[in-house]
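The values are calculated or read from the model by the stated rules, or taken from the named source; none is laboratory data. Source: prediction; values computed, not measured. When we count neighbours, we look across all protein chains shown, and the Cβ atoms used for this are built from the backbone with ideal geometry, even at glycine.
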């Protein structure tokens, strides 16, 4: 693997095709949160064909954490809608490989794991509506993503907890604007699924990275007047892969997203 040149590369104003070329060449192996301003990013889930219908049903029953943007045919590697020139096997900085409920690898590409029976799902990501929050001058503090004690609606083999991304807002005006703006982006998780005390949905502590999601920022506890809000999160399929013990599944590594050719506003409700 080539050295990560994140200190020399500023991906914010790159076009998606240019950025994905860096990723393909392993010149960028870091998180994608500031890549390609204004463009939609997606979560990723890849399952064998025999489980694809059940996973689609799972997503249909749980649209807030798993909004489906595109599904590829078995063995297909290039998304027709989101980025026709991309190869999903090399287009993300890091992936996760699950076997029988255990994560066994976090490679920079999945060429060695690819099979002709694999079906790829692209799921909406809140990174996309955050561009809109920023454009509207709505500030927030990011706490990262967490598993909750809220169960998803099961489908076939797939079952497990809802995961959420957590952000705090200083006042009710900013929180209301965040709800309004994210509600326009139903395919990018939509409005919050919960507002209030994290302990009420089973989150024990905020701002502490762990092995499941090492990309949480280490931040101070929120102030007493801050408003805590929780959005459905695209790492939910990873928690589901572990609980369901699916024989084989590929996902993105948290915060290492697929950058599409579509602007985030193209998915917004009018």
Taking the condition of being under 19 Å from residue 245 (Cβ atoms) and over 16 Å from the mean Cα position of the chain (by Cα), how many residues in the range 31-54 meet it? 8
Inside the range 211-239, the number of residues satisfying the requirement of being out of contact with any helix residue (DSSP H, G or I) (no Cβ under 6 Å at 6 or more places or on another chain) and without any contact (Cβ under 8 Å) to a residue 60 or more places away in the chain is 8
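Results for (1) in a loop (DSSP other than H, G, I, E, B); (2) surrounded by 23 or more Cβ atoms within 10 Å (Cβ to Cβ), shown as yes or no for each residue.
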position: 53; (1), (2): no, no
position: 64; (1), (2): yes, no
position: 84; (1), (2): yes, no
position: 122; (1), (2): no, yes
The number of residues in the range 231-259 that are within 14 Å of the chain's Cα centre (by Cα) and either part of a strand (DSSP E or B) or surrounded by fewer than 16 Cβ atoms within 10 Å (Cβ to Cβ) (or both) is 7
Considering only the range 86-104, state which residues are more than 14 Å from residue 22 (Cβ to Cβ) and either outside any loop (DSSP other than H, G, I, E, B) or in contact with a strand residue (DSSP E or B) (Cβ under 7 Å, 6 or more places away or on another chain) (or both). 88, 95, 96, 97, 98, 99, 102, 103, 104
Answer from 262, 224 - the residue that is farther than 25 Å from residue 80 by Cβ and more than 15 Å from the chain's Cα centre (by Cα): 224
Would you point out the residue of the range 167-195, among those that are in contact with a helix residue (DSSP H, G or I) (Cβ under 7 Å, 6 or more places away or on another chain) and free of Cβ contacts under 8 Å to residues at least 60 places away in the same chain, that is farthest from residue 136 (Cα to Cα)? 194
Would you mind stating whether residue 95 is more than 20 Å from the chain's Cα centre (by Cα), modelled with pLDDT of 95 or more and closer than 28 Å to residue 244 by Cβ? no
